[in-house]
1. So, in the range 52-102, exactly how many residues are within 24 Å of the chain's Cα centre (by Cα), of a type in the set (A, V, I, L, M, F, W, C) and surrounded by fewer than 20 Cβ atoms within 10 Å (Cβ to Cβ)?
2. Looking at Ala351, Ala343, Ala287, Ala329, which one is buried (at least 17 other Cβ atoms within 10 Å of the Cβ) and either touching a residue at least 60 places away in the same chain (Cβ under 8 Å) or of a type in the set (Lys, Arg) (or both)?
3. Quick check on the range 104-137: of everything there that is charged (D, E, K, R) and surrounded by 12 or more Cβ atoms within 10 Å (Cβ to Cβ), which residue is nearest to Leu385 (Cα to Cα)?
4. Given (1) within 29 Å of the chain's Cα centre (by Cα); (2) within 30 Å of Gln10 (Cβ to Cβ), identify the lone condition not met by Pro251.
5. Starting from residues that are buried (at least 24 other Cβ atoms within 10 Å of the Cβ) and more than 14 Å from the chain's Cα centre (by Cα), keep the ones in the range 223-242 and report whichever is nearest to Ser382 (Cα to Cα).
6. Out of (1) closer than 27 Å to Lys123 by Cβ; (2) without any contact (Cβ under 8 Å) to a residue 24 or more places away in the chain; (3) surrounded by 13 or more Cβ atoms within 10 Å (Cβ to Cβ), the odd one out for Val410 is which?
7. Residues that are modelled with pLDDT under 95 and not basic (Lys, Arg): does the range 190-205 have at least one?
8. Here is a list: Arg356, Arg380. Which entry is of a type in the set (D, E, K, R), crowded, with 18+ Cβ neighbours inside 10 Å and touching a Pro at 6+ places or on another chain (Cβ under 9 Å)?
Amino acid sequence: MSSIKRLSTQSEQFNPTLRTLLAFDASQDESIERATADILRHVQANGDQALLDYTQRFDRVSAASVAALEIERHEWLAARDALPADQRKALEAAAERVHRYHEHQRAQTWSYTEDDGTVLGQKITPLDRVGLYVPGGKAAYPSSVLMNAVPAKVAGVPEVIMVTPTPDGVRNPIVLAAAAIGGVDRVWGIGGAQAVAALAYGTATIAPVDKIVGPGNAYVAAAKRRVYGTVGIDMIAGPSEILIIADGSTPADWIAMDLFSQAEHDELAQAILLCPDLAYLDEVEAAIERLLPSMPRAGIIRTSLGNRGALIHVRDLDEACAIANDIAAEHLEISTRNPQQWADQIRHAGAIFLGRYSSEALGDYCAGPNHVLPTSRTARFSSPLGVYDFQKRSSLIHVSQEGAQTLGRVAATLAYGEGLQAHAASAEYRLNPADTES
């Protein structure tokens, strides 16, 4: 039995079948929502003591104070220095590439002057403080540290605060090394919804932040969803996705492994291939069956491909691009000859990988662009995490005396039309004033 579905756009059932395949139940678990709400309320009301209670309860770490849960910089530096040389070099190379790419995103303050002397513009300022959540314990995501911390520092954020759980007191050395390399300012050994609450509301020891970014489990996601509005958040991410458009010119084994690279994340991940060459789809399917048994996470991959994966036969690459725009995948590989020709047709995708050598895995770690990407078709209206997520825009309005004569009449007319007399009067007071200060 094949590990993955075969579909054809020429089937009458294709569209409803695709809709079912793409459907993801994002409904929240009631028990998780209730538990998260209780944790947030407890931390908001009891601050440090609540953090200590939850850290002992969930991570089995006892501390006399929250200050004792801070992981000092010398420990991060020691973790960095203790890394195997190749691992440290790889982290530093990735950090440098991520930094260089994100420097191109930094926005600048701008303004222009109208003929009457009125100056209009936009002032760019970084957020004051950002919180970065990083899974801890056995889970190690140093790449996520870099992808979240580096653009924040490029944006000019003065303080990036990292929180990471330390179950049974285990501090993940590669995560701490990434904090040292990525420019993090402080690290706290706390996790879960309680860490999100501390970052959002603040406690006697931990100052509140302006925005919380970074991945976490269902409780962390629920907490981020609930504190949004008190603070900003990056996004609520769904399962990882890869969509590949292929013309049959890339070795089938490469494409099979690219599908595996997302399917191995978890059973809900999605991996789909679009191709007009039926014989090539057969080759990829055969490669999947041949390579799958050698994968350490074969069970997860098989479940993911079986439940949410597909090899789809399309009429041509134009149709493949139209379907890709409908799917709006997190990761889109265009593994074809002349990939730019087809990329020009793509409007909706989190990240676009062009050509047979641009594997999605390179984007996850070291290509440079951010790997925090919109999922679950949200690429239709949202973008990858970047420097712009850590900067604010304020409008600049400096109206000259001459400009006030024109704008005042326009504003007053509109204000009277809305029945807002004070607005109108405020504008009219500045018509032909006695003073001449501009």
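The values are calculated or read from the model by the stated rules, or taken from the named source; none is laboratory data. Since the structure is predicted, the reported quantities are computational estimates derived from the model, not experimental observations. When we count neighbours, we look across all protein chains shown, and the Cβ atoms used for this are built from the backbone with ideal geometry, even at glycine.
1. Counting residues in the range 52-102 that are within 24 Å of the chain's Cα centre (by Cα), of a type in the set (A, V, I, L, M, F, W, C) and surrounded by fewer than 20 Cβ atoms within 10 Å (Cβ to Cβ) gives 2.
2. Ala329
3. Per the stated criteria, the residue is Arg106.
4. Single failed check for Pro251: (1).
5. Looking at residues that are buried (at least 24 other Cβ atoms within 10 Å of the Cβ) and more than 14 Å from the chain's Cα centre (by Cα), I get Ile242.
6. Among (1) closer than 27 Å to Lys123 by Cβ; (2) without any contact (Cβ under 8 Å) to a residue 24 or more places away in the chain; (3) surrounded by 13 or more Cβ atoms within 10 Å (Cβ to Cβ), Val410 violates only (3).
7. Scanning the range 190-205, I find no residue that is modelled with pLDDT under 95 and not basic (Lys, Arg), so the answer is no.
8. Of the residues listed, the single one that is of a type in the set (D, E, K, R), crowded, with 18+ Cβ neighbours inside 10 Å and touching a Pro at 6+ places or on another chain (Cβ under 9 Å) is Arg356.
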